[in-house]
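Before any comments, here is the structure.
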Amino acid sequence: MCLHPEEIPPIPDETVRIAKAAFPKGNLYMRLRDELGVFYQDEDFASLYPQRGQPAQAPWRLAMILVMQYLENLSDRQATLAVQGRIDWKYALSLELTDPGFDFSVLSEFRDRLIIGGVERQILDLMLSKFQQLKLLSARGKQRTDSTHVLTVVRELTRLEHLGETLRYALNAVAEVAPIWLKSLAPAEWYDRYSRRFEDTRLPRTASEREVLAQTIGADGFYLLDNIYSQTAPIELRQLPAVEVLCQVWLQQYYAPTDLIQLRSEKDGPPSAVRIRSPYDLDARNSTKRTTNWTGYKVHLTESCDEDSPHIITHVETTAATTQDVTVVPSIHESLGEKNLLPQQHLVDQAYTSAQLLSTSEQDYNIDLLGPVALNVGWQAKAGLGFDLSHFKIDWQQKAVYCPQGKRSYLWKKNKSVYGKPVIYVEFRQLDCLACPVRNQCTRAKTNPRGLTIQAQSDYEALQKARDRQKTEEFQKQYELRSGIEGTISQGIRAFELRDCRYVGLAKTHLQHILTAAAINLSRVFAWLEEIPRARTRSSHFARLADTTVC
C-alpha cells in the first residue's frame, strides 16, 4: 500500500441532499462535521506508508472511522457496514451514497500501522489541537487526573493452568515449524496431556496431586528446552517467541533443574512487576488495590474541568497494573507541555502526590499540584504531644537545625533515601539530648541523641506548605472539583467499555484507550454544542425534598 495525500474532499451534493432530507434536524455526525470540520489530514499519516504499492484508503478517513467506531462501540465488521450503509457516516466522511466501502481487515491493518509508526497519540492530539483552534479548550485552566484498572482480554489462569498453557503454546509453535522433529521427540502421553486447553481438562483436586502434575509439566518443559537447544535441533526453533516465553516462565516458576523438579516458593518468585501471567499476553500484570485484584493494566485519564467550556480528555496514559500512580505525573505534565495544554492547577488524589512532585511541578511547569499529601507518620505526630519534624526550626543557610528547646544540631550530612532521593540526615549532641527535660516527648532511644531525616529544601518546603493548606476550608472547597473525574471514568466504563481490553498487549490497549478518549470527547463536545446540561449526581426522591418547598 502506498499513499498519495489528497485534500479533504467536500461532501458530495447528493449525500448532502439525502442526509438533510433524512435528518432535517441533523444528528451527531452531521453537526460535528458542519461545525468542527475534520480533525485529520492525509499528510499526518504519510510516514506510515511506503512510496510504492497499491493506493491505500485515505488515512484521514480511517482515523475518523476508528473514532466513530468507538463512539458507538462497534466491531470492525459493524463499522465497515456502517460506512457502507449509513447516510450520516457517509456525510461525515465525504463519501458518495454509492461508495461500496472496504473490507473490515483494513481497520486492523491501519491500527497496526499507527502502533508500529508510533503515532497513535496523534488520534487524540490532533483532535485537541482542533478544539484549541475553536476555543473549546485552552491552557492554564484546571485539569484533573485519576486512574482505574483494566482487565486483560485473555483468560486469567491459575498457576497450574499457566504452566500447562505455556508449554502447550510452545508445543504448538514448534509443531508448526518443525513437525517431524517434534513428532520424533514427543512421548505418547504428551498428546493426552497437551492436546487440549488446560481449562478444559479435569485438574487434580488435592494439593499433593497438583504438585505432582506441576513437577511433571516442569520436567516436560525442561526436556523440550534441552532438545531445542541441542545441536541436532533446527536452529530456527530457538528464535520462536513461544520458546522464549517458555524459557522465561520456567525460570520464574521453577528452581534450576536437578534430580527433582521443584516449583519456586512465593518468596523466591519474581515480583509482580515482571512476572508473566499468561503466555498469550506478556504485558499483563497482576495487582491488588485495597479489595480489588485484577490482571491487566491501568489507565490514567486527565481532563479539563473549567466550568465555561466542555470537559475534554487531554491525556491518556496506559501502564502495567503494578505501576504506581505517582510515577506517571512527570510524563503527564511533559505530554501536556508538548500540546501547549499545561494547566494552572492540577487536581489529583493522594496517590499522585509526593514532596518532589509538588516541588518540580511548580518549578518546571508552574503547575499547582493540588491534592492530599501523606501525613507525618512518626510516633511523635501520632501521639499529638511529641515533637515531630514540624516542631524543629531549620536554618538552610547555616545548615543547622534547632530543637524546641533551642539546642543546635552538630551533624548535617547529605544522603539518599532507600528510593534514591536526596535527603539530609541531622543529629543533635548526645549531652544535650540526655540532659533534656522533655526527652521522652522527643525520642524513645535510651542513650542515643535525636536524629532527623529531612528532604531537600525545595521538597521539604513544598510538603510542609501542602500539609498546612490541606487543613483549610479553602482547600476542601477547591478539592471538591477533583471528584468529577470519577464520573468520566464511570462514563468510559459503562458506555465505552474502557475497562475491558479489546486487544492483546500494552501497545494495542493504549491505542484502544486513546480511541475511547477521542470518542468521549466527541460525545461531550456534541452535548456542549446542543446545550445539553451536565448530568447531576443522582439522588433519591426523598433526598430531593430537602431542596424543594412543599406547600
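No lab work stands behind these numbers, since they all come straight from the coordinates. From a predicted model like this one, the values you see are computed outputs, not experimental measurements. FYI the Cβ positions are ideal-geometry reconstructions off the backbone, even for glycines, and counts take in every protein chain you see.
Structural remarks
- Per-residue Cβ neighbour rank within 10 angstrom, fewest leading, 83, 504: 504, 83
- Cβ-derived FRET efficiency at R0 30 Å, residue 293 paired with residue 545, nearest 0.05: 0.15
- A full extension of the chain between residue 410 and residue 467 corresponds to an added length of 17.7 nm, given 0.36 nm per residue minus the alpha carbon distance.
- Selection from 204, 171, 242 lying farthest towards where the dipole of region 159-268 points positive, charges on Cβ: 204
- Average projection area in nm² (convex hull over Cα atoms of region 379-457, one quarter of hull surface): 5.4
- The count of lysine pairs in region 379-457 with alpha-carbon distances below 16 Å, taking only pairs 8 or more places apart or on different chains, stands at 5.
- Order of 285, 524, 17 under a 10 Å beta carbon neighbour criterion, fewest first: 17, 524, 285
- Rg ratio for region 13-119: its Cα radius of gyration over 2.2 N^0.38 Å, N being its residue count, equals 1.10.
- Among complete DSSP H helices in the chain, those whose alpha-carbon atoms stretch at least 27 Å along the helix's long axis and whose mean Kyte-Doolittle hydropathy reaches -0.5 are 159-177, 207-228, 506-529.
- Kirkwood radius for region 438-506, taken over all pairs of different Cα atoms as the inverse mean of 1/r, rounds to 17.4 Å.
- Computed from the Cβ-Cβ distance with R0 of 56 Å, the FRET efficiency linking residue 4 to residue 230 stands at 0.60.
- Pairwise Cα inverse-distance average, inverted: Kirkwood Rh of the chain (Å): 28.4
- Scattering curve values for region 171-298, log₁₀ I(q)/I(0), Debye with Cα scatterers, q = 0.12, 0.14, 0.22, 0.23 Å⁻¹: -0.55, -0.75, -1.54, -1.58
- Dipole magnitude for the chain: computed about the Cα centre from +1 point charges on Lys and Arg Cβ and -1 point charges on Asp and Glu Cβ, it is near 2380 debye.
- Stretchable slack from residue 222 to residue 338, in nm (0.36 nm times residue separation minus alpha-carbon distance): 36.8 nm
- Dipole in debye (nearest 20) - region 372-414, about Cα centre, beta carbon charges: Lys, Arg +1; Asp, Glu -1: 220
- What you get for region 159-268, charging only the Cβ of Lys and Arg (+1) and of Asp and Glu (-1), is a dipole of about 140 debye around the Cα centre.
- When the P(r) is computed for region 387-426, the part past 15 Å accounts for 44% of the Cα-Cα pairs.
- Secondary-structure-derived ellipticity at 222 nm for the chain, considering helices only, amounts to -13000 deg cm²/dmol, per-run term -39500 (n - 2.57) for DSSP H runs with n ≥ 4.
- Listed residue (488, 383, 527) projecting farthest to the positive dipole end of the chain, Cβ model: 383
- Charge dipole (the chain, unit charges on Cβ, about Cα centre) - positive-most of 215, 417, 255: 417
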